[in-house]
Structure formats: C-alpha cells, structure tokens
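Heads up: the structure comes next, in structure tokens.
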Amino acid sequence: GSTIGILGGGQLGRMLSVAASRLGYKTCIFEPGGDCPASHVANYHFQKNYDDKDALIAFAKSVDVITYEFENIPTSALDILEAHRPIRPGREALRISQDRLTEKTFLNELGLATAPFANVESAEDMIAAVSEIGAPSILKTRRFGYDGKGQARLKSAEDAETALIDMAGAPALLEGFIDFTHEVSVIAARGLSGEVACFDPGENVHEAGILRTTTVPARLSASQRTDAILLAARILNALDYVGVMGVELFVTRQGLIVNEIAPRVHNSGHWTQNGCAVDQFEQHIRAVVGLPLGDGQRHGDVVMENLIGEDMDRLPELLKTRDAAVHLYGKAQTKPGRKMGHVNHIKGKAG
Ligand code: ATP
Ligand code: MG
Ligand code: MG
C-alpha cells in the first residue's frame, strides 16, 4: 500500500489519517509538535520544523503524495516538498487562500460576490478604508487568522484607531459588515480527473467567531442550493483543484456572498461522518490519491455540535444520548475555547 503525507497534526489530520487507514493507506504526518491529535493515529510522525530542509526532503521521499490540514504552510517548505512529490490540493489554492486580499480579489475576478473590502497597511490606508467602506465593518488580519482571531469590529468610524492597534502592524483588510440572514457552507470536492461532487450545504452558527453548530439541511430554497453548489464548483474548476474545499457563504436577500474559502477539509463538514456513506475525510483521501469520489449523497439529517472547552463537562450525558455520535480528538483540555471534539446528532432519515 502507499503512504499519504499530511502536513499538520491537528484534529483534521487525525480524521484524515483514520479515513486513509480505512482505505488501506498509511499516513505520515509532518508536525513540529509532539503529542498532537494526529500523532496518535498516523503511522509515522516527522516531528521537525518547517525550516528543516533535510527533514522536509526525507518526509517527501517517504510518501507518495502530500496533502495538508492547514493553509499556512511556509512557501519555502512547499518549494522543497514539491520538488519531490505532488502536493494536492495544488500551490495556487494555497497561495490564494493564505491571504484574504488575494482571496477576495480572486473571487471577485471569478464574478463571485464578497463583502466590500479595502487593504490596510498603514494609518493612512485605514483612514481611506473607513471613508470607502464605512461602518459597521470588520478589520481582519490578511494572514493567519482563524476562529475569529485577528479581527476587530468597528461599530462606528470612531473605533478605527483601536481596531488598527489590535492588528499590531500586520497587513489587514477592512470588510464591510454583511447583513446576512444566516450562514451556510458548501463542502465541495474535485477529483484528479476533474469530476466535482458537493455535499449538501450546511447551516452554520458561530459564537464569538468560533463555529458552534452545523445543521443539515440548511434553510435554502432550491435555487439558492443550486447557486451555492455551482459557485463552489466554479471556484474548484478555476483552481484546477484536487481535494476537498470548504466554501463559507453569507445568505442575504441580494443573494449569496462568499465569506472565505478553506483549501482543506472543514469543521462545517464534520456532519458528513454520520450523514453520508463517504464522509469529507474519505472524500479528500480519495481525491488526492486519484480514486473515484463518493457522490456526496446524504442519508440523514444531522446537527453537528462542536465540543469546545467546558462543553466536555457534558460528555457523560452525551455518551448516553440516543443518536448522538461523539468524536473526540484526544487533546488535553488546557485552554478555554479549544476544540476538543464534536457530536453529530442524527435527526432522522433524509428526504
Ligand atoms: P474560520 O475559523 O472560519 O477560518 P476566521 O477567523 O477566518 O474563521 P471569518 O470566517 O472571516 O473568520 O469570520 C468569522 C465569523 O465572523 C463569520 O463566520 C461571520 O459570522 C462573522 N463575519 C466575518 N466577516 C463578516 C462580515 N464581513 N460581515 C458580517 N459578519 C462577518
Ligand atoms: Mg478563515
Ligand atoms: Mg470562517
């Protein structure tokens, strides 16, 4: 059997390893941290840093294909890895999604709507951005933000100065605040031969910038559902993408607006583990090794609930709850806000 290399050792890497194992593949993770969620289940672990050139080469040579569970991989490391083994999804998807400015520009060029935005790299930029975008708005670091980190909300133009201080000098984007009715995401996949398969969109509820629940089916009309899937496919095709992508959308009365894309399996796709024959993790593995994709068909209605920090106190009760499929990441509960696991509540058969 062949071996799949995974960059990153978090819960997404762990669940990718489990899926790979079910299909008879071995996995090798590259992750500087020691006791991480994926290290408990992957077959091999390169516990090395991303600036260790020899380690990167040895890692690449020990695997057949390389994928990743996070998008902030240093470009220098990607250059080294790519000289030895294919990286899937490819470099273009990473380049675009590593920076919110590049990402939104790419989406707009594809004809897709995003929040209005302005680049902010200085105090002068900020003044111009506030006069262009106005308030309410959100200032976001262009790179490295997740779970709502690196963001400052502007209720009015007077908040501009404190918001800019929050960015600590990092390049940022001022985004107009979208008055959405709800949020949904499409978990889409594209295979090596270009076929696209999407899961049914899920409806997402965030709390303090962190995903709280995903409910499937989402509240969408038939045409909105078609729109969501077609726009996701447009993004994947434009990137000649191979693998699973999460596309986050705002639902507004004017139509669907793309919030952001993630070139990897996505927290809002965890419901597929108990709602579909082929879940997003297996779908991603299938794509990167060149197997046919699952069709994305959903057999059940599911509510996925993240278990964050103190939610773990409810574990004994959840384990006794009928139709609750508990998934845990094997993490020590060291900080509040840490994603410890999730529960898929099965709500009945689809259709
Ligand atoms: P993730 O963990 O999903 O990568 P992130 O840190 O990249 O999160 P965003 O997805 O940009 O953050 O924003 C987090 C949440 O904040 C969104 O899901 C949405 O609820 C809200 N939000 C972000 N941008 C806007 C906006 N322009 N208008 C209204 N709400 C927004
Ligand atoms: Mg994000
Ligand atoms: Mg997001």
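Every number in this text was worked out from the coordinates using simple rules, so none of it is lab data. Computed from a predicted structure; not experimentally measured. No Cβ is skipped: glycine too gets one built from the backbone with ideal geometry, and neighbour counts run over all protein chains shown.
Which of the aspartates and glutamates could a cross-linker bridge to LYS48, judged by Cα under 20 Å and excluding same-chain residues fewer than eight apart?
The qualifying aspartates and glutamates are GLU31, ASP35, ASP64, GLU69, GLU71, ASP79, GLU82.
How much FRET efficiency would the formula 1/(1 + (r/R0)^6) give for LEU230 and ARG91, where r is the Cβ-Cβ distance and R0 is 35 Å, rounded to 0.05? Walk me through the numbers on the way to the answer.
Numbers: r = 25 Å, r/R0 = 0.72.
Computed FRET efficiency for LEU230 and ARG91: 0.90.
Pairs of Cα atoms under 8 Å, at least six residues apart: use those to get the relative contact order of the chain, whole percent. Can you show the working numbers first?
Numbers: 784 pairs, mean separation 49.4, N = 351.
So the answer I get is 14 percent.
If you place +1 on the Cβ of every Lys and Arg, -1 on the Cβ of every Asp and Glu, and leave all else neutral, what size is the dipole of segment 142-211 about its Cα centre, to the nearest 20 Debye? Please list the in-between numbers first.
Values: 6 positive and 12 negative charges, 68 e Å.
Rounded to the nearest 20 debye, it is 320 debye.
Taking 0.36 nm per residue of sequence separation and subtracting the Cα-Cα distance, how much length would be gained by fully extending the chain between LYS347 and ALA222, in nm to one decimal?
42.9 nm
Compute the normalised compactness of segment 116-176: alpha-carbon radius of gyration over 2.2 N^0.38 Å, N being the residue count. Please list the in-between numbers first.
Values: Rg = 9.9 Å, N = 61, 2.2 N^0.38 = 10.5 Å.
My calculation over the Cα atoms of segment 116-176 gives 0.94.
According to the square roots a ≥ b ≥ c of the eigenvalues of the Cα gyration tensor, what is the shape class of the chain, taking rounded for a/c under 1.5, prolate for a/b larger than b/c otherwise, and oblate for the remainder? Please list the in-between numbers first.
Working: a/c = 1.43, a/b = 1.20, b/c = 1.19.
Rounded shape, in that the Cα axes give a/c under 1.5.
Can you give the calculated 222 nm mean residue ellipticity of the chain, where each DSSP H run of n ≥ 4 adds -39,500 (n - 2.57) and the sum is split over every residue, rounded to the nearest 500 deg cm²/dmol? Please list the in-between numbers first.
Working: 11 runs with 100 residues, N = 351.
For the chain, the value works out to -8000 deg cm²/dmol.
Report the extension gain between GLN297 and LEU315 in nm, rounded to one decimal, defined as 0.36 nm multiplied by the number of residues separating them, less their alpha carbon distance. Walk me through the numbers before you get to the answer.
Numbers: separation 18, 0.36 × 18 = 6.48 nm, distance 2.98 nm.
Here the answer is 3.5 nm.
Please work out the FRET efficiency for the pair ASN72 and ILE127, using the Cβ-Cβ distance as r and a Förster radius of 41 Å; give the result to the nearest 0.05.
Numbers: r = 30 Å, r/R0 = 0.72.
Calculated value: 0.90.
Run the simple label-point estimate for ALA168 and GLN254 please: 7 Å along Cα→C-beta, distance reported in nm.
Going by the 7 Å Cα→Cβ label model, 3.4 nm.
Under the 0.36 nm per residue contour assumption, what length would be gained going from the current alpha-carbon distance of GLU109 and ASP147 to full extension? List each step's numbers first, then the result.
Details: separation 38, 0.36 × 38 = 13.68 nm, distance 2.64 nm.
In short, 11.0 nm is gained.
Of the listed peptides 247-256, 105-114, what is their order by residue-averaged count of other C-beta atoms within 10 Å, with the highest listed first? Mind showing how you got there, number by number?
Numbers: 247-256: 18.4, 105-114: 16.1.
Highest-to-lowest ranking by the protection proxy: 247-256, 105-114.
Could you please report the charge total around ALA350, scoring K, R as +1 and D, E as -1 over all other residues with beta-carbon less than 11 angstrom from its beta-carbon? Intermediate values should be presented prior to the final figure.
Numbers: positive: ARG298, LYS347, LYS349; negative: ASP200, ASP301.
Net of charged neighbours comes to +1.
What FRET efficiency comes out for HIS182 versus ASP54 if R0 is 51 angstrom and r is the Cβ-Cβ distance? Round to the nearest 0.05. Intermediate values should be presented prior to the final figure.
Numbers: r = 49 Å, r/R0 = 0.96.
Once rounded, the FRET efficiency stands at 0.55.
Please list 135-143, 208-216 highest first by mean number of surrounding beta-carbon atoms within 10 Å per residue. Don't jump to the answer; show the numbers that get you there.
On the way: 135-143: 21.1, 208-216: 18.9.
Descending packing order for the listed peptides: 135-143, 208-216.
First select every other residue whose beta carbon is under 13 angstrom from the beta carbon of LEU16; then total the charges, Lys and Arg +1, Asp and Glu -1. Each step should come with its number before you reach the end.
Values: positive: ARG14, ARG22, LYS26, ARG88, ARG264, ARG286; negative: GLU31, GLU69, ASP279, GLU282.
Result for the local shell: +2.
By average Cβ neighbour count within 10 Å, what is the ranking of 95-103, 237-245 from highest down?
Highest mean packing first, the order is 237-245, 95-103.
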